[in-house]
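Rule-based calculations on the coordinates, nothing more; no lab input. Bear in mind the structure is a predicted one, so any value in this text is a computation, not a measurement. Every residue, glycine as well, gets a Cβ built from its backbone with ideal geometry; the counts of neighbours run over all protein chains shown.
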Amino acid sequence: MSCDLEHHQEFGGYEYFHLELKKFRAEKLLQTTWALRSSLNSEAIRDSLMKFMHKDDRIVVAEISVTNWAAWKSLFEIT
């Protein structure tokens with residue numbers, strides 16, 4: 001999952017967005033990219049997070065396979 005959060009002033013640093021990520025036990029991979037495991041589909045995860053985003057922010061939620069991805073200098077290893 002990756003996002004552009006542009007409205008920190010209006011959303012108090014996106015405190016509730018980050019609390020929702022904690023509920024999912026998401027791990028930060030890059031500055032605005034997280035990995036998580038869930039039984040929910042991509043749309044349900046997106047909708048859950050969008051409640052805590054500004055209408056002009058952006059989010060992409062995509063399913064990836066644990067065995068079919070690669071990273072370099074990721075902050076967290078999901079394998």
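Within straight-line reach of Lys28, meaning a Cα separation under 12 Å, sit the following aspartates and glutamates at least 8 residues removed in sequence or on another chain: Glu77. If we count GluC sites (Glu not before Pro) as exposed when they sit in a DSSP loop and have at most 11 other beta carbons within 10 Å, what is the longest stretch of the chain that avoids them all? Answer from the scan: 11-62. Among Ile59, Ile45, Ile64, a tally of other beta-carbon atoms within 10 Å of each Cβ gives an order, fewest to most, of Ile64, Ile59, Ile45.
Sorting Leu49, Leu19 by the number of Cβ atoms found within 10 Å of their own Cβ, with the fewest placed first, yields Leu19, Leu49.
Can you give the calculated 222 nm mean residue ellipticity of the chain, where each DSSP H run of n ≥ 4 adds -39,500 (n - 2.57) and the sum is split over every residue, rounded to the nearest 500 deg cm²/dmol?
Numbers: 2 runs with 18 residues, N = 79.
Value at 222 nm, helices only, nearest 500: -6500 deg cm²/dmol.
Selection among Ala70, Ile45, His8 by position relative to the dipole of the chain gives Ala70 as farthest towards the positive end (Cβ unit charges, Cα centre).
Assigning unit charges at the beta carbon (Lys, Arg +1; Asp, Glu -1) and nothing else, what dipole magnitude in debye, to the nearest 20, does segment 2-60 show about its Cα centre? Please report the intermediate quantities before stating the final value.
Working: 9 positive and 10 negative charges, 69 e Å.
The calculation lands at about 320 debye.
Estimated from the Cβ-Cβ distance and a Förster radius of 25 angstrom, the FRET efficiency linking Glu27 and His54 is about 0.55.
Would you kindly state the longest site-free stretch of the chain, with sites defined as trypsin sites (Lys or Arg not before Pro) in a DSSP loop (not H, G, I, E, B) surrounded by at most 11 other Cβ atoms within 10 Å?
Working: sites that count: Arg25, Arg37, Lys51, Lys55, Lys73.
Answer from the scan: 1-24.
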